[in-house]
Amino acid sequence: MSIPRSKDARPAVLDRLVDGFGLLGGIAILFLAGLVFCDVIGRAFGSPIFGARDIMVMMLAVIIASGFASGATQGVHISIDALKNVLPAPLRRGQLLLADLISLTILAILAWRSFVGGMEAGDFGERTMLLSLPYAPFYFALSLGFGLHALVIAFDIIKQLTLGNRHAE
């Protein structure tokens, strides 16, 4: 089971951004559920919603992006604690720090590449097939989600290095 990351390790403004982005994801889930429901009903009567798939794919990007950091702050991401009861406390602290450093590196790369993808999609005018929705804003949403999650982990690493990691004990 994952442990919620301590709120005192990060600035309040970051928590507000994470919570707001998480709320946006919740709204996107409700919108997506309503769209799927209406599209299924429409298909049953031979009149599906034009471009529903374009909207669904873009909404999924927002939902995924918004859930990363929010899930990290609430401790709802899946983690495997196979070594927790085997390793002594100092090694557990090192293991958690190493896992956070690896996660931070991967999330920073994903945020950067998503941002670059958004810039390229904007430059080339990439759009969805049916509704011609631009891809760039959704790449930027992914970049924001990955970046916020990376910041949450970065502040947690700073706390671990300055105060120690009591979760490992």
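Just give me the residues in the stretch 34-57 being under 24 Å from Pro134 (Cβ atoms) and among the small types (Gly, Ala, Ser), in sequence order. So that I can check it myself, show each step before the final result.
Filtering the stretch 34-57 down to residues under 24 Å from Pro134 (Cβ atoms) leaves 34-36, 38-39, 48-57.
Listed by number, the residues that qualify are Gly34, Gly51, Ala52.
Working carefully through the options Leu96, Leu110, find the one that is assigned to a helix (DSSP H, G or I), at pLDDT below 90 and over 30 Å from Ile49 (Cα atoms).
Working: Leu110 fails: at pLDDT below 90.
None of the others qualify; the one that does is Leu96.
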State whether one or more residues within the stretch 144-167 are in a helix (DSSP H, G or I), in contact (Cβ under 8 Å) with a residue 60 or more places away in the chain and of a type in the set (Gly, Ala, Ser).
yes
Restricting to the stretch 139-169, and then to whatever is surrounded by fewer than 23 Cβ atoms within 10 Å (Cβ to Cβ) and aromatic (Phe, Trp, Tyr), can you tell me which residue is modelled with the lowest pLDDT?
Phe155
Quick count over the stretch 71-112, residues being within 17 Å of Phe140 (Cα to Cα), out of contact with any Gly (no Cβ under 7 Å at 6 or more places or on another chain) and touching a residue at least 12 places away in the same chain (Cβ under 8 Å), is 4
Kindly provide the set of residues from the stretch 27-74 that are assigned to a helix (DSSP H, G or I) and hydroxyl-bearing (Ser, Thr, Tyr), ordered by number.
Ser66, Ser70, Thr73
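Check Phe37, Phe31, Phe21, Phe68 and return the single one that is closer than 30 Å to Glu126 by Cβ, more than 17 Å from the chain's Cα centre (by Cα) and in contact (Cβ under 8 Å) with a residue 24 or more places away in the chain. So that I can check it myself, show each step before the final result.
Working: Phe37 fails: in contact (Cβ under 8 Å) with a residue 24 or more places away in the chain; Phe21 fails: more than 17 Å from the chain's Cα centre (by Cα); Phe68 fails: more than 17 Å from the chain's Cα centre (by Cα).
It is Phe31.
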Can you say whether Ile41 is modelled with pLDDT under 95 and not polar (S, T, N, Q), as far as the supplied structure shows?
no
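May I ask you to list the residues in the stretch 113-143 that are part of a helix (DSSP H, G or I) and in contact with a Gly (Cβ under 9 Å, 6 or more places away or on another chain)? Before the answer, list the steps.
Step one: list which residues in the stretch 113-143 are part of a helix (DSSP H, G or I), which gives 113-124, 136-143.
The answer is Ser114, Phe115, Ala136, Pro137, Phe138, Tyr139, Phe140, Ala141, Leu142, Ser143.
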Can you tell me which of (1) more than 17 Å from Leu24 (Cβ to Cβ); (2) modelled with pLDDT of 90 or more is the one Asn85 doesn't meet?
(2)
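The values are calculated or read from the model by the stated rules, or taken from the named source; none is laboratory data. Please read all numbers here as calculations on a predicted model, not as lab measurements. Quick reminder, even Gly has a Cβ in these numbers, built from the backbone with ideal geometry, and neighbours come from all protein chains shown.
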